[in-house]
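The values are calculated or read from the model by the stated rules, or taken from the named source; none is laboratory data. None of the values given here were measured: they were computed from a predicted structure. All Cβ positions, even for glycine, are placed from backbone atoms using ideal geometry, and neighbour counts span all protein chains on display. Side chains included, ligands, DNA and RNA excluded: accessible areas come from the protein's heavy atoms. Shrake-Rupley method; radii C 1.70, N 1.55, O 1.52, S 1.80 Å.
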Amino acid sequence: MDKPKDKNGKTEEQFLREYDVTQYFRPSVTVDALLYRRLERGARVLMIRRGGHPYIGRWAFPGGFVDADEPCETAVARELAEETGITGVALRQLVTVSTPGRDPRWRNITAVFCAETDELDAVGGDDAERAAWFDIEYRTDGDNAELAFSGAGESFTARFAIVRDAFGRVDINNTRITDAGNTAFDHAKILALLLDGITGGDGK
């Protein structure tokens, strides 16, 4: 049987042999691990203090870049272990965030994984200066919302203007951070997405 050919008369083998991977823009892929335990008006969340640029000294989720030879599920477990020492946690994907400009280094798309868990012992490692659990209270007032962080001897607040999608959920791309507090990247918005779901959108 003849091998099928495309409109240019090429077989799949010919097409792949001549394929130019540089013809399309290639973003990088990262992963983040969001470990939490529910509280009455929010959650206790594991975060790491970043030890390098960008956002050095700010708090973020454990995470990092996906290696060429691993799936995201392997990468997020590896990064969680490297930056906090925590292993053996069953993680599920919460959201993929592809908002342009979310990372000042490059067009980085992140797959965020989450797990509801007990407060596990965590020690900062790799490029994480410190790992600590924060109590986070979620408050809303119409389209305005804030997250009050308390942990690691610090207290700060992140604020944002919520936009909801067609399903009534926090629109991760169009919700705008107005004050990131001491958080890095767009992680305050990702927390809002999680906590909005936990509280049913009522963070009053």
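Could you tell me the calculated FRET efficiency between T74 and S155, based on Cβ-Cβ distance and R0 = 35 angstrom, to the nearest 0.05? Present the calculation step by step, with values, prior to reporting the outcome.
On the way: r = 36 Å, r/R0 = 1.02.
It comes out at approximately 0.45.
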- Largest first, what is the accessible-area ranking of V89, V21, V112 with a 1.4 Å probe? V21, V89, V112
- Task: Taking the Cα centre of region 139-204 as origin, sum charge times position over the Cβ atoms of Lys and Arg (+1) and Asp and Glu (-1), and report the length of that vector in debye to the nearest 20.
- Result: 40
- I198 to L39: extension gain in nm, 0.36 nm per residue of separation minus the Cα-Cα distance? 56.3 nm
- Only loop residues by DSSP count here, and only those with at most 11 other Cβ atoms within 10 Å; note down the chymotrypsin sites (Phe, Trp or Tyr not before Pro) in region 144-204 that meet that. F167
- Task: May I ask you to work out the translational diffusion coefficient for region 9-140 at 25 °C, viscosity 0.890 mPa s, via Stokes-Einstein with Rh from the Kirkwood sum over Cα pairs, reported in whole µm²/s?
- Result: 150
- Item | Within the chain, longest stretch clear of exposed GluC sites (Glu not before Pro) (DSSP loop, no more than 15 other Cβ within 10 Å) | 120-204
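For region 111-166, what is the convex hull volume of its Cα atoms per residue in Å³?
Per-residue hull volume (Cα only) is 148 Å³.
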- Extension length gain for D20 and K5 (0.36 nm per residue less Cα distance), in nm, is 3.6 nm
- Using a simple spin-label model with points 7 Å from Cα along the Cα→Cβ vector, what separation in nm is obtained for T87 and V163? 4.3
